[in-house]
Each structure stands twice: as structure tokens, then as C-alpha cells.
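The values are calculated or read from the model by the stated rules, or taken from the named source; none is laboratory data. Just so it is clear, the structure is predicted and the values come from calculations on it, not from any experiment. Neighbour counts are summed over all protein chains in view; Cβ atoms, including those assigned to glycine, are modelled from backbone coordinates with ideal geometry.
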Amino acid sequence: MINSKNFSNSYAKEKRIIKKKDFSAILRLRPIHKTSHFYLYIRSNKFGKNRFGIIVSKRFAPRSVTRSTIKRIARELFRHSYFFPYIDCVVRLYKPINIKSDPAITTMLKHLLRSELRELLKINDLINKITVNFNYITKN
């Protein structure tokens with residue numbers, strides 16, 4: 001029998017960026033990568049864990065169902081990623097994703113979000129950017 005505590009699908013609280021001061025510190029940096037709707041901010045941390053935060057404002061995703069879906073997809077993709085050195089990662093929506101007259105979530109929109117966030121969090125492309133950013137941050 002498998003112990004469900006060891007194989008939990010939940011996203012642990014210590015792996016989340018929750019506090020405003022943590023978000024502010026990361027957002028002061030320039031975005032490391034950009035897609036058509038999202039910015040990616042990365043900074044090294046000294047917690048020994050990768051931490052993730054996402055900013056989805058009501059202005060760009062007016063329906064709560066859409067905002068929750070974006071957050072769920074982003075968390076899941078980050079949870080299955082592996083980064084070293086340990087980082088704080090923030091994804092921010094900066095362009096409207098849909099309007100109120102459109103349906104809140106469609107299959108096509110989910111595929112679009114998943115592919116765009118997967119492109120944003122590509123490990124192979126980010127390794128060099130992370131190490132350059134990590135070296136810059138540790139010097140300052």
C-alpha cells in the first residue's frame with residue numbers, strides 16, 4: 001500500500017511565494033523571459049527549495065474561473081519542473097487573455113495557456129539565463 005502523504009499532489013505552502021515583500025523583490029528585476037501573454041521573473045533564493053508565485057489580475061482575466069485555471073496550469077507545470085540552483089519564480093499575466101463576452105474557459109483556451117506556459121518554463125532554455133541571473137544576484 002502506498003502512503004499518500006509521500007505522494008501528495010498538493011502544492012506545499014513552503015513552495016509558494018505568498019508575501020508581498022517577496023513578490024516586490026522579484027518584480028524589481030527585469031523579466032527573464034516573455035511570451036505573448038506572460039512575463040517570467042526569476043531570482044535565486046537561500047531556502048533550499050524552489051518557490052513559485054503567479055500574478056493574474058482581474059483586469060486581464062475578468063472571470064475568476066479563467067484566473068483559477070491559469071494559476072492551476074502554471075502551478076502544475078512548475079511543480080513538474082526541476083531547477084537548480086534554487087530559485088524564486090514569478091509568472092505574471094500582462095495582456096488580456098479573454099473578454100467577458102467570451103466563454104470563461106474553453107478547451108482551445110486551455111491548450112493555448114498550457115502551451116504558452118510550457119514554453120515560458122522550458123528548462124533547457126532557462127538554465128543559462130538562471131545561472132547568469134544567479135551570478136549577477138549573488139554578486140550584488
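For Lys100, the test of being modelled with pLDDT of 90 or more and part of a loop (DSSP other than H, G, I, E, B) is failed.
Going by the structure shown, is Lys71 assigned to a loop (DSSP other than H, G, I, E, B), under 15 Å from the mean Cα position of the chain (by Cα) and within 19 Å of Asp22 (Cα to Cα)? It would help to see each step written out before you state the result.
Working: assigned to a loop (DSSP other than H, G, I, E, B): no; under 15 Å from the mean Cα position of the chain (by Cα): yes; within 19 Å of Asp22 (Cα to Cα): yes.
So Lys71 does not fit the description; no.
Pairing each residue of segment 90-104 that is more than 13 Å from Leu40 (Cα to Cα) and touching a residue at least 12 places away in the same chain (Cβ under 8 Å) with any residue that is crowded, with 16+ Cβ neighbours inside 10 Å and small (Gly, Ala, Ser), provided the two are 6+ apart or on different chains, yields C-beta distances under 6 Å for Ile97/Ala61. Is it the case, given these coordinates, that Ser57 is polar (S, T, N, Q), at pLDDT below 85 and outside any helix (DSSP H, G or I)? Judged against the criteria, Ser57 is not a match. If you go through segment 12-29 one residue at a time, do you hit one that is in contact with a helix residue (DSSP H, G or I) (Cβ under 9 Å, 6 or more places away or on another chain), assigned to a loop (DSSP other than H, G, I, E, B) and charged (D, E, K, R)? Taking every residue of segment 12-29 in turn, none turns out to be in contact with a helix residue (DSSP H, G or I) (Cβ under 9 Å, 6 or more places away or on another chain), assigned to a loop (DSSP other than H, G, I, E, B) and charged (D, E, K, R). Looking across segment 35-67 at every residue that is within 30 Å of Ser101 (Cβ to Cβ) and in contact (Cβ under 8 Å) with a residue 60 or more places away in the chain, the one that is surrounded by the fewest Cβ atoms within 10 Å (Cβ to Cβ) is identified as Ser36. For segment 77-96, a residue qualifies if it is over 17 Å from His33 (Cβ atoms) and at pLDDT 90 or above, and exactly one does: Pro96.
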